[in-house]
Amino acid sequence: MAPPDKKVIHRIRALREKINRHSHLYYILDQPEISDAEYDRLFDELSNLEMANPDLITPDSPTQRVGAPPLEAFKPYRHTLPMLSLNKATAEAEFLDFHRRVLELSASAETDIQYAVEPKFDGLAVEVVYRDGLFLLGSTRGDGMVGEDVTLNLKTVNTIPLRLMGNDVPGLIEIRGEVIMNKGDFAKLNREREKTGEPLFANPRNAAAGSVRQLDSGVTKKRPLTMYAHGIGLVSGKTLTHHWETLLYLRELGFKVSEYAGICENAGQVKEYYDRILNLRDQLPYEIDGIVIKVNEFALQRRLGEISRSPRWAVAWKFPAQQEHTIVRDIVVSVGRTGALTPVAILDPVRVGGVEVRRATLHNEDEVRKKDVRIGDTVVIQRAGDVIPEVVKVIASQRTGTETAFLMPDKCPVCGSKVERPEGEAVHRCTGIACPAQIKENLAHFASRPAMDIDGLGYRYLEQMVDSGMIEDPADLYFLKKDDLMNMERMGDKLAQNLLDGIDKSRKPGLANLIYAMGIRNVGNHLANVLARNFGSMDNLAAQSIEDLTRVHEIGPIVAQSIHNFFRNPKNIRVLEKMKEGGVVFPVEKSEVKEAPLAGKTFVPTGGLDSMTRDQARKIIEGLGGRVSSSVSRRTDFVILGKDPGSKSDDARRLGIKTLNEEEFLALVGR
C-alpha cells in the first residue's frame, strides 16, 4: 500500500486543529465563530479523509467521540487519591463556625483567610485522567475510594478535551469535576421521552447521572452533557500552590470552569458572594444547590488536613431548600428494616425544586405533634438537602375544621405485632422478629450493590419471594432453584437463570461487602471497610470485645456495642451459618492493623515533604497499619517534620514526642 499523500496528512492535521478550536469556542467559551453547517462540513471532510486513510486516525481526533459497542457492566476503578466529600453548612452561623475552626487549626496570627469560592453544581462527580496530554480514563466518584470506569461515555462529552491544550501539559494529571445537564436540555429530553412512552427523569441531576452510567455509550453521546472542572487529584511535572491558580490552569488546559468562581479575602466577602449567587440561582441555565468554599492556599490546606472522608479546609454552604404548598390527603406508617415506624404524609402532587413530590416524611410521632400536622392540612414542604421531601410547617389559617389528627398505631401495620417506643428514643419500633416489612427491607439492603451485589434481584421480586414464603432470611436465597423462581409473576426461563447466576456470583463477596450486607446497626459502607481492614475475617470480627473494637480509629462505643450485639444474637449466627451451608465463601483477608509494622502507631505530619505529598505519606502510613492525625497530643507516637513545620514541632518537643525528619521517615517505612 502506498503511503498517504503529504497533502492529505497536512489537511487532516489542519482540519483537526480547526475543529478543535471551534469546539472549544462553542462548548467551553460559548463564543462560536462559524455556523453549525460550516462546522458539520469541516467534520464531514475530516471523517471522509480518515475513512480513506484509516492509518492516520489518532485517539485525539474529533471523529473519535463516538459511541462504542454496549458494555455488559462497568469495571470498578480505584482512585489514586480519595475524592473527598464536603461537610455542609446550612446557615451563616455554621459557616462562621467552619471559619473559626480554620483560624484555630491554622495556628496563625492572621484573622482573615483567603478563600476560593464557586457555585456548587448539582450533578455527577467524575474524574478524568490524562497521560502526556491524551485522555486516558474517566470514572465516577463512587464512594470516594472506588468509582466506576465510564471512560467510553465521558469520551463522548464535548466539554472534556481528548487532548489537553496549551504548552504546559503535565505527564500525568487527574482532573475532578461535575457532569451536569442544563435545565433547558433536561426539559427537552423529558419531552422527547414522554412522546416515546419512556419514563421521565426526576431532575437534571438524575438525567446527567443516568446518561453517564449508560452501558451503551451511543446513548450517552446523544445526551447534552457538560462537565465543569473544579479540582485536580494527582499531577506530575507541574507545581500548583493555590486553588485559584488551579482553576486558571484548568481553563488553559481546555476545560470549562465556572464563570462565577472567585476569590474572597475574608469571611464577610464569602457571605456577600453567597447572597449574590443565591439571587442568581433561578436565572442560571443549570441547577446549583449552594456554594463551595475552599481555603485557597494548598500549604494551609495540608496543615488543616481532613477528618474521616471530609477535608477540614473546605465546606459546602447549602442554599435553603426550595419550598411549596400542598395538602395532606392521608398519613400512613412505613416500616423500615430496623423495625422503625415512620409517619409519611400522602400529598397532592406538587413540584419542588424540579421534582414531583407525592409523599413527605414526618419523621416520628413527636415531630407530628410538634408541628401539629393533621390529615387535610395545607402544609409547606421542602426537599431536605434538596433530596428528601419533608413537611416544614402547617398553614393553620387555611384550616376548615374538617382536619383529623393522626394517631401512631399500637400494632405494626404490616405484621400486627405490638409496637413499642424504647425509653429515651423518639422512634416507635415493631417488636415482630418475622415482620415481612423488615425482612423485605433487610433483603433489599443485603442484595444492593455495595453489599452482596445480586444483579437482577429487585424489590418487586423480593416482595413476591417473602409474601409467598419462598424465603424468610437472606440465607434462603442461596437455596433457591429455578423451579421456585418460575412460579413467580413475570418470570421467564432466561430471567430465572440470570437471577440464579447473579445469586451464584454473590457467593464470593469481598469482606467489606459481606459486613455491610449484614445490616449491622450504625455500620455503613465506610465503616464496613474499616472493620474489614482491621480484622481480616468475619470470625475474627465476631470474636472481638467492645473494648477491642473501640481501639480501632473511627469505631466509637455506640458502633462497638451494635457490632457486639449483632454477633451475640443466636438468630444472626444461624443466618451466617446457613449462608455458609448455601455456598457463600466467607473471605479471609489480610488484617492491616493487626499484622502491619506500624500497627497502633499515630503519626502527625507537619510542613512540606520533598519526595511526596502529604496525602501520599498518609496513604503509606495507613497502608502499613498506622494512623494519621492532624493534631499533636500525648497519644501521638511520631511527628514528621517537613519544611516549615510550624507550631506542631514545638508541641512535639513540649510533650516529649519523637520527631522524624523526611529521611528518617522514609527509612522507617522502607522507602
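The values are calculated or read from the model by the stated rules, or taken from the named source; none is laboratory data. Just so you know, these numbers come straight off a predicted model, no measurement behind them. Virtual Cβ from ideal backbone geometry, glycine too; neighbours counted across all protein chains shown.
Does Gly184 fit the bill of being assigned to a helix (DSSP H, G or I), in the same structural domain as Leu253 (by TED's automatic domain parsing), closer than 30 Å to Asp132 by Cα and more than 21 Å from the chain's Cα centre (by Cα)?
On the way: assigned to a helix (DSSP H, G or I): yes; in the same structural domain as Leu253 (by TED's automatic domain parsing): yes; closer than 30 Å to Asp132 by Cα: no; more than 21 Å from the chain's Cα centre (by Cα): yes.
For Gly184, the condition - assigned to a helix (DSSP H, G or I), in the same structural domain as Leu253 (by TED's automatic domain parsing), closer than 30 Å to Asp132 by Cα and more than 21 Å from the chain's Cα centre (by Cα) - is not met.
Counting only helices (runs of 4 or more DSSP H) that sit completely within the stretch 413-488, those holding 3 or more residues that are over 25 Å from the mean Cα position of the chain (by Cα) and within 26 Å of Val523 (Cβ to Cβ) correspond to 436-447, 459-467.
For the stretch 488-514, taking the residues that are touching a Phe, Trp or Tyr at 6+ places or on another chain (Cβ under 9 Å) and within 30 Å of Gly600 (Cα to Cα), the one that is surrounded by the fewest Cβ atoms within 10 Å (Cβ to Cβ) is identified as Pro509. Can you pull out the residues in the stretch 533-572 that are out of contact with any helix residue (DSSP H, G or I) (no Cβ under 7 Å at 6 or more places or on another chain) and either among the β-branched types (Val, Ile, Thr) or assigned by TED's automatic domain parsing to the domain that holds Ile454 (or both)? The answer is Ile558, and nothing else. Looking at (1) in a helix (DSSP H, G or I); (2) touching a strand residue (DSSP E or B) at 6+ places or on another chain (Cβ under 9 Å), can you tell me which one His553 breaks? Here His553 meets the rest and fails (1). Scan the stretch 557-577 and give yes if some residue there is farther than 24 Å from Arg337 by Cα and assigned to a loop (DSSP other than H, G, I, E, B), otherwise no. The answer is no, given that none of the residues of the stretch 557-577 is farther than 24 Å from Arg337 by Cα and assigned to a loop (DSSP other than H, G, I, E, B). Any residue at all in the stretch 603-622 that is buried (at least 20 other Cβ atoms within 10 Å of the Cβ), among the polar types (S, T, N, Q) and within 24 Å of Leu234 (Cβ to Cβ)? Checking the stretch 603-622: at least one residue is buried (at least 20 other Cβ atoms within 10 Å of the Cβ), among the polar types (S, T, N, Q) and within 24 Å of Leu234 (Cβ to Cβ).
Can you confirm whether Tyr478 is surrounded by 14 or more Cβ atoms within 10 Å (Cβ to Cβ), among the hydroxyl-bearing types (Ser, Thr, Tyr) and in contact (Cβ under 8 Å) with a residue 60 or more places away in the chain? Step through it out loud before you land on a result.
Details: surrounded by 14 or more Cβ atoms within 10 Å (Cβ to Cβ): yes; among the hydroxyl-bearing types (Ser, Thr, Tyr): yes; in contact (Cβ under 8 Å) with a residue 60 or more places away in the chain: yes.
When the stated conditions are applied, Tyr478 passes them.
Residues considered: Thr338, Thr326. Of these, the only one that is in contact (Cβ under 8 Å) with a residue 40 or more places away in the chain, of a type in the set (Ser, Thr, Tyr) and within 22 Å of Arg399 (Cβ to Cβ) is Thr326.
Quick check on the stretch 245-257. Is at least one of its residues surrounded by fewer than 20 Cβ atoms within 10 Å (Cβ to Cβ) and of a type in the set (Asp, Glu)? Yes, the conditions are met somewhere in the stretch 245-257.
Out of Val295, Val270, which single residue is aliphatic (A, V, I, L, M), within 25 Å of the chain's Cα centre (by Cα) and buried (at least 20 other Cβ atoms within 10 Å of the Cβ)?
On the way: Val270 fails: within 25 Å of the chain's Cα centre (by Cα).
None of the others qualify; the one that does is Val295.
For the stretch 374-384, the criterion of being in a helix (DSSP H, G or I), out of contact with any Cys (no Cβ under 9 Å at 6 or more places or on another chain) and not small (Gly, Ala, Ser) is met by no residue.
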